[in-house]
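First the structure, in the form of structure tokens, and then the observations on it.
The values are calculated or read from the model by the stated rules, or taken from the named source; none is laboratory data. Just so you know, these numbers come straight off a predicted model, no measurement behind them. Backbone-built Cβ (ideal geometry, glycine too); neighbour counts: all protein chains shown. Surface accessibility is based on the protein's heavy atoms, side chains included, excluding ligands, DNA and RNA. Shrake-Rupley method; radii C 1.70, N 1.55, O 1.52, S 1.80 Å.
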Amino acid sequence: MPTNEELFARARRVMPGGVSSPVRAFGAVGGTPRFAAKAKGAWITDAEGREYVDLVGSWGPMILGHAHPEVVAAIHRAVDASPSFGAPCLPELALAEKIVSMVEPVERVRFTSSGTEAVMTAVRLARGATGRDKIIKFAGCYHGHSDSLLAAAGSGVATLGLPDSPGVTGGTAADTLVLPYGRLDLVEEAFAAGGDLIAAVVTEAVPANMGVIVPPAGFNKGLREICDRYGAKLIVDEVLTGFRVGPTGYWGAAGRDEGWAPDLLTYGKIVGGGLPMSAVAGGAALMDLLAPAGPVYQAGTLSGNPAAAAAGLATLELASADVYSHLDAVSVQLRGLITDALSEAGVPHRINNWGNLFSVFFTGDQVTDYESAKKQDTAAFGRFFHTLLDEGVWLAPSSFEAWFVSDALGDRELEVIAAALPKAAHAAARG
Ligand SMILES: Cc1ncc(COP(=O)(O)O)c(C=O)c1O
């Protein structure tokens, strides 16, 4: 059986950095990434046969745990009928109907294959609808790696401390205004200075790619009001929060009660149940500007893929109220265990959460935006991370990422985590 080291050496010879997505390479924490061999429920097994309790869940999609039998059966049925048609098909129709029935502001859904593609499409649609070029995004929010959204991005860009990416043209960068998160006054100022040029404000529903940041009260609603005043579109990116923080995502858990709706929502991760699937969604008038109903072009060979749609639909159907209560309860338990262990070891930390979504910052100060998130002790996180991994707990290899709970986490898994945490906390303390 090859070791993880041997596999990583092989991978580096044929893939840049040995991976298909940067954070997986363990750059921020050092050491060798574990090659995943299989996963079931809350457990993931690496290429050396070691088992870990998984708190990454493929970065969000595996809300039911890995390889849920009914999701796997739905995928098998779809694949038996053919992995791809390149034609309209029943699974995509059923998934679109399901989303429309669940999220009131959504009347139309366009399927894409990655979160990046979904947000990129939403931006194009907003530009096409308004005839304007500029967009506003917030520092530390991550909306995928399309050119116009890479500026001051969170996730891997934050993890690796990268400047804005080479390869993005000056013209594209100039059309993206980056503001600190949570400052409605600065959004007002930007619109006052050039509101007739701004097509859209793009925001994560709850920022979770610089660690989890709790939106200040009224922030998202305030964005809605400003966009309305200036005729700009509001794009709320729910690639990460959608169908995770509740059955109707962030919008259903907060926006509905506050009486506002975005123009466009973007979904990914859970919506494909672990297969490549994402979506742009919104009201009919705006969405019908997309080709072929309207002039804004967007397309995809594998868009609406039947196996991905079947996996997404099965996942959404299985994600009952009980599942969400369990996710919330497990998140509370985990946060309690983490803070107890870190406090006992004297490690300054903050845990931010929005519903079951949370992250741990290694700093004693409040974390409210990208600047404060960057002040944490990432070296302490690295020691914490590696000790947990050695003890059989699989975390995202970056303190700028959220922790993802799944319905498969139960008492046995929490015991493993509880046993590992004190050792990890003491490792974090040894600076
Ligand atoms: C909020 C948000 N938007 C967009 C994306 C990009 O999605 P993908 O990695 O599928 O391109 C991510 C990925 O983590 C995300 O968290």
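Quick one: which residue in 267, 297 is open to solvent by 30 Å² or more (accessible area, probe 1.4 Å) and not assigned by TED's automatic domain parsing to the domain that holds residue 416? Of the residues listed, the single one that is open to solvent by 30 Å² or more (accessible area, probe 1.4 Å) and not assigned by TED's automatic domain parsing to the domain that holds residue 416 is 297. Evaluated against (1) open to solvent by less than 20 Å² (accessible area, probe 1.4 Å); (2) not in a strand (DSSP E or B), residue 62 falls short on exactly one condition, (1). Yes or no: residue 85 more than 16 Å from the ligand (Cβ to nearest atom) and either of a type in the set (Phe, Trp, Tyr) or at pLDDT below 95 (or both)? It is true that residue 85 is more than 16 Å from the ligand (Cβ to nearest atom) and either of a type in the set (Phe, Trp, Tyr) or at pLDDT below 95 (or both).
Filtering segment 188-202 to residues that are surrounded by fewer than 24 Cβ atoms within 10 Å (Cβ to Cβ) and either within 30 Å of residue 403 (Cβ to Cβ) or not assigned by TED's automatic domain parsing to the domain that holds residue 238 (or both) leaves nothing. Summed over segment 162-217, residues that are within 17 Å of residue 241 (Cβ to Cβ) and among the charged types (D, E, K, R) total 1. Filtered by the rule that a residue be more than 24 Å from residue 127 (Cβ to Cβ) and within 14 Å of the chain's Cα centre (by Cα), segment 251-270 gives 269, 270. Kindly provide the set of residues from segment 342-352 that are crowded, with 18+ Cβ neighbours inside 10 Å and either in contact (Cβ under 8 Å) with a residue 40 or more places away in the chain or closer than 15 Å to residue 328 by Cβ (or both), ordered by number. Passing the criteria: 342, 345, 347, 351, 352.
Yes/no per residue for (1) charged (D, E, K, R); (2) away from the ligand (no atom under 16 Å from the Cβ); (3) over 22 Å from residue 284 (Cα atoms); (4) open to solvent by 10 Å² or more (accessible area, probe 1.4 Å):
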residue: 211; (1), (2), (3), (4): no, no, yes, no
residue: 215; (1), (2), (3), (4): no, no, yes, yes
residue: 218; (1), (2), (3), (4): no, yes, yes, yes
residue: 228; (1), (2), (3), (4): yes, yes, no, yes
residue: 234; (1), (2), (3), (4): no, no, no, no
residue: 244; (1), (2), (3), (4): yes, no, yes, no
residue: 249; (1), (2), (3), (4): no, no, no, no
residue: 259; (1), (2), (3), (4): no, yes, no, yes
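Taking each residue of segment 269-284 that is more than 13 Å from the ligand (Cβ to nearest atom) and looking for partners that are assigned to a loop (DSSP other than H, G, I, E, B) with beta-carbon atoms closer than 6 Å, six or more apart or interchain, yields 281/106; 282/263; 283/107; 284/107. Pairing each residue of segment 80-108 that is assigned to a loop (DSSP other than H, G, I, E, B) and acidic (Asp, Glu) with any residue that is open to solvent by less than 90 Å² (accessible area, probe 1.4 Å) and modelled with pLDDT of 95 or more, provided the two are 6+ apart or on different chains, yields C-beta distances under 6 Å for 107/283; 107/284. Look at residue 138 and say whether it is more than 16 Å from the ligand (Cβ to nearest atom), open to solvent by less than 20 Å² (accessible area, probe 1.4 Å) and either over 15 Å from residue 267 (Cβ atoms) or aliphatic (A, V, I, L, M) (or both). It is false that residue 138 is more than 16 Å from the ligand (Cβ to nearest atom), open to solvent by less than 20 Å² (accessible area, probe 1.4 Å) and either over 15 Å from residue 267 (Cβ atoms) or aliphatic (A, V, I, L, M) (or both).
If I filter segment 213-224 for residues that are assigned to a loop (DSSP other than H, G, I, E, B), farther than 21 Å from residue 259 by Cβ and not assigned by TED's automatic domain parsing to the domain that holds residue 57, do I get at least one hit? So far as segment 213-224 goes, yes, one or more of its residues are assigned to a loop (DSSP other than H, G, I, E, B), farther than 21 Å from residue 259 by Cβ and not assigned by TED's automatic domain parsing to the domain that holds residue 57.
Looking at 178, 214, 202, 245, can you tell me which residue is under 14 Å from residue 138 (Cα atoms), in contact with a helix residue (DSSP H, G or I) (Cβ under 9 Å, 6 or more places away or on another chain) and not charged (D, E, K, R)? Steps first, answer last, please.
On the way: 178 fails: in contact with a helix residue (DSSP H, G or I) (Cβ under 9 Å, 6 or more places away or on another chain); 214 fails: in contact with a helix residue (DSSP H, G or I) (Cβ under 9 Å, 6 or more places away or on another chain); 245 fails: under 14 Å from residue 138 (Cα atoms).
Exactly one residue qualifies, and that residue is 202.
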